[in-house]
Amino acid sequence: MTRTALVLGAGMVGVSCALALQKRGIIVTLIDRKVPGRETSYGNAGVLATSSILPLNNPALYAKITGYLGNRHPALNLSWRRALSRPGWLLRFLWEARPSRAAAHIAALQALTASTVARHRALMTEAGVAHRLRENGTLKLWRTEAGHAAAQGEHDFLRRHGIDSQVLDRQGISALEPSLNPIFPAGLLIPSVGSVDSPGAVTAAYAALFAERGGRIEQAEIAGLARQGAGWRANTTKSAFEADIAVVALGPWSGDLLKPLGLDPWLDVERGYHRHLKPQPGSSLSRPVYDADGAYYMAPMEQGYRITSGVDLSFRDAPDAHRQIDSVTAAAREAFPLGGVVGDTWRGARPTLPDSLPMIGEAPRNSGLWLAFGNQHIGFSTGPITGEMIAAMVCGETPPVDPTPFRPGRYIS
Ligand SMILES: Cc1cc2nc3c(=O)[nH]c(=O)nc-3n(C[C@H](O)[C@H](O)[C@H](O)COP(=O)(O)OP(=O)(O)OC[C@H]3O[C@@H](n4cnc5c(N)ncnc54)[C@H](O)[C@@H]3O)c2cc1C
């Protein structure tokens with residue numbers, strides 16, 4: 001008998017799960033309150049991060065943390081009210097940065113990210129949006145002479161993990177990106193990293209591919225999830241939807257539906273912002289650049305040059321705090337000839353678990369309830385592999401990546 005599935009959430013992770021389940025002959029209904037790809041999967045920097053294998057909470061965080069605590073550095077905005085409302089999460093996040101955890105985290109993230117560009121290339125081709133893919137790397141930049149050692153250190157680290165990169169001096173940076181102002185003495189080109197010019201449009205194109213292949217997309221607010229016989233029922237503002245299995249891929253909102261079931265995934269969020277600016281006439285970038293001292297990405301997008309901010313550790317639904325995005329916009333103007341602002345400032349929330357690894361697998365004590373969220377800073381990149389892993393496990397196949405580090409049972413008992 002043909003199996004059925006509900007995929008809850010149509011961001012990059014949910015859409016990828018829907019496509020991968022559909023490929024295996026499962027009849028899938030994809031549900032989101034918005035049209036696909038309008039939340040976190042819309043506003044990110046569009047970097048296909050094959051080299052983001054070191055989580056934010058790595059051993060170097062301990063040395064940096066005091067410099068961040070006064071909320072003067074653009075890399076971090078910390079709401080003490082939020083931190084004190086849930087001290088356990090922050091303590092676990094810091095505890096996971098200890099050196100003894102680093103090797104396991106790096107190995108897990110490398111397994112997850114290694115096939116990012118290849119998987120997106122294949123999907124973008126099938127979805128007819130291959131023109132949105134750039135395969136010319138990312139450029140990390142440093143503003144001081146100390147950047148030479150930092151670039152070399154990162155190059156050595158990546159080489160130990162089989163990832164190529166190229167250390168650049170001021171001339172090398174100018175040769176690659178002539179429009180950048182010459183304020184960066186050191187840089188690192190990572191050629192295997194890809195990028196797209198509109199993550200929202202790519203997510204929407206994958207959803208359109210799913211619909212073209214017979215998938216059903218429902219736009220409705222999901223109010224609750226419950227067992228229904230041997231399967232699952234999602235209650236929505238439209239009607240109830242039932243299926244053999246349910247996949248929770250609600251990104252930063254995933255905990256909202258799970259907690260009423262007695263499942264606390266220890267999910268929290270690292271908020272972030274973006275703003276688009278026009279380039280000055282005659283100036284252009286051919287790839288995303290990351291200003292390591294300024295703590296922002298500047299990525300060429302369809303809408304303009306997208307500047308993305310660092311981490312805002314505030315309550316998920318608290319009002320915007322524009323200190324970081326204002327500060328990095330000013331820093332980006334020092335780096336590149338930018339003109340006027342295009343549109344409004346956007347805010348999103350990276351869904352993050354204390355160990356910076358996503359949750360990919362079946363929920364403990366709840367057969368047929370699959371969890372696919374918590375992809376933190378790299379969820380646009382790792383959506384497709386997350387979807388393939390879920391679909392393989394649902395069908396009893398061996399997933400393409402060892403799921404052990406991502407098992408829900410590490411937080412949900
Ligand atoms: C500033 C910033 C920059 C980033 N840069 C990058 C990058 O360069 N590369 C990268 O790989 N990643 C990046 N990320 C991270 C990446 O964007 C996320 O990890 C990823 O988009 C998460 O995808 P998702 O599908 O899990 O969540 P989402 O895209 O948020 O999807 C969740 C969906 O669930 C729906 N939903 C939630 N609750 C309900 C409900 N009750 N009923 C119905 N629908 C509901 C929402 O409408 C939404 O569409 C960045 C994030 C930020 C904030």
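The values are calculated or read from the model by the stated rules, or taken from the named source; none is laboratory data. Bear in mind that the values here come from a model prediction, so they are computed numbers and not experimental data. In this analysis, Cβ positions are derived from the backbone assuming ideal geometry, glycine residues included, and neighbour counts consider all displayed protein chains. Remember, those area values only see protein heavy atoms, side chains included, never the ligands or the DNA or RNA. Shrake-Rupley method; radii C 1.70, N 1.55, O 1.52, S 1.80 Å.
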Exercise. Top mean-square fluctuation among Ser367, Ser239, Ser195, Gaussian network model of the chain, C-alpha springs under 10 Å?
Worked result: Ser239
For this session: Just subtract the alpha-carbon distance of Ser284 and Thr2 from 0.36 nm times their residue separation and send over the number in nm, one decimal.
Result: 96.4 nm
Seminar exercise, completed: Residues whose modelled amide H sits under 5 Å from the amide H of Gly361, counting only those 5 or more places away in sequence or on another chain, are Leu371
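Could you order Glu126, Glu221 so the one with the most accessible surface comes first? Probe is 1.4 Å. Intermediate values should be presented prior to the final figure.
On the way: Glu126 95, Glu221 75 Å².
If we order Glu126, Glu221 from most to least accessible, we get Glu126, Glu221.
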Exercise. Got a number for carbon plus sulfur as a percent of segment 13-97's accessible area, 1.4 Å probe?
Worked result: 62 percent
Exercise. If each Cα of segment 216-343 is one equal point scatterer, what is log10 of I(q)/I(0) from the Debye formula at q = 0.19 Å⁻¹?
Worked result: -0.98
Exercise. Just by accessible area at a 1.4 angstrom probe, what is the order of Trp232, Trp346 from largest to smallest?
Worked result: Trp346, Trp232
Problem set entry | Long-range HN-HN contacts of Val247 with modeled amide H, under 5 Å | Leu6, Val7, Leu8, Trp370
Exercise. Heavy-atom accessible area of Asp264 with all protein chains present, probe 1.4 Å, nearest 10 Å²?
Worked result: 60 Å²
Exercise. With the dipole of segment 25-160 worked out from charges on the C-beta (+1 for Lys and Arg, -1 for Asp and Glu) around the Cα centre, which of Gly25, Ala49, Thr66 lies farthest toward the positive end?
Worked result: Thr66
For this session: Counting residues in segment 38-160 as N, plug N into 2.2 N^0.38 Å and put the Cα Rg over that result.
Result: 1.29
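If one computes P(r) from the Cα atoms of segment 67-111, what percent of pairs lie at distances over 12 Å?
Numbers: 696 of 990 pairs.
Counting pairs separated by more than 12 Å, the tail of P(r) holds 70 percent.
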For this session: Compute the separation of the alpha-carbon centres of segment 348-406 and segment 249-302 and state it in Å as a whole number.
Result: 19 Å
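Starting from the Cα gyration tensor of segment 330-396, multiply each eigenvalue by 5, take the square root, and state the resulting semi-axes largest first in whole Å.
Details: eigenvalues 279, 31, 24 Å².
Working through the eigenvalues yields semi-axes of 37, 12, 11 Å.
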Exercise. With charges only on Cβ, +1 for K and R and -1 for D and E, what is the dipole size of the chain about its Cα centre, in debye, rounded to 20?
Worked result: 520 debye
Problem set entry | Portion, in percent, of the accessible area of segment 232-326 that falls on carbon or sulfur, probe 1.4 Å | 52 percent
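Could you order the peptides 354-366, 178-190 from most to least packed, using the average number of other C-beta atoms within 10 Å per residue? Before the final figure, lay out the partial values.
Numbers: 354-366: 22.0, 178-190: 19.6.
Sorting 354-366, 178-190 by mean packing, highest first, produces 354-366, 178-190.
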For this session: Could you tell me what percent of the DSSP beta bridges with both partners in the chain are antiparallel, to the nearest 5?
Result: 70 percent
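If you average 1/r across every pair of different Cα atoms in segment 294-347 and take the reciprocal, what Kirkwood value do you get, in Å? Don't skip to the answer; put the middle values down first.
Numbers: mean 1/r = 0.0830 Å⁻¹.
Computed over Cα pairs of segment 294-347, the Kirkwood hydrodynamic radius comes out at 12.1 Å.
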Problem set entry | Listed peptides 76-87, 381-392 by packing density, highest first (mean Cβ within 10 Å) | 381-392, 76-87
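If you take the C-alpha gyration tensor of segment 139-243, multiply each eigenvalue by 5 and take the square root, what semi-axes do you get, largest first, in whole Å? Please list the in-between numbers first.
Working: eigenvalues 476, 60, 37 Å².
Largest first, segment 139-243 gives 49, 17, 14 Å.
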Seminar exercise, completed: Summing -39500 (n - 2.57) over every DSSP H run of at least 4 residues in the chain and dividing by its residue count gives a helix-only mean residue ellipticity at 222 nm, to the nearest 500 deg cm²/dmol, of -9500 deg cm²/dmol
For this session: Return, for the Cα atoms of segment 192-270, the radius of gyration and Dmax in Å, separated by a comma.
Result: 15.5, 47
Exercise. Long-range amide H contacts for Thr236: which residues qualify at under 5 Å (H placed 1.01 Å from N, peptide plane, sequence gap of 5 or more or a different chain)?
Worked result: Ala223, Phe241
Seminar exercise, completed: If one builds a Gaussian network model of the chain from Cα atoms under 10 Å apart, the most fluctuating residue listed among Arg160, Arg275, Arg233 is Arg160
Exercise. Which value, in Å² and to the nearest 10, is the accessible area of Tyr62 when all protein chains are kept and the probe is 1.4 Å?
Worked result: 100 Å²
Exercise. Per residue, how many Å² of accessible area does the chain show with a 1.4 Å probe?
Worked result: 39 Å²
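Across the chain, how large is the tail of the calculated P(r) beyond 31 Å, expressed as a percent of all Cα pairs? Each step should come with its number before you reach the end.
Values: 30424 of 85078 pairs.
Every Cα pair in the chain considered, those over 31 Å come to 36 percent.
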For this session: Take the alpha-carbon centre of segment 175-228, take the same for segment 61-92, and report the distance between them in whole Å.
Result: 28 Å
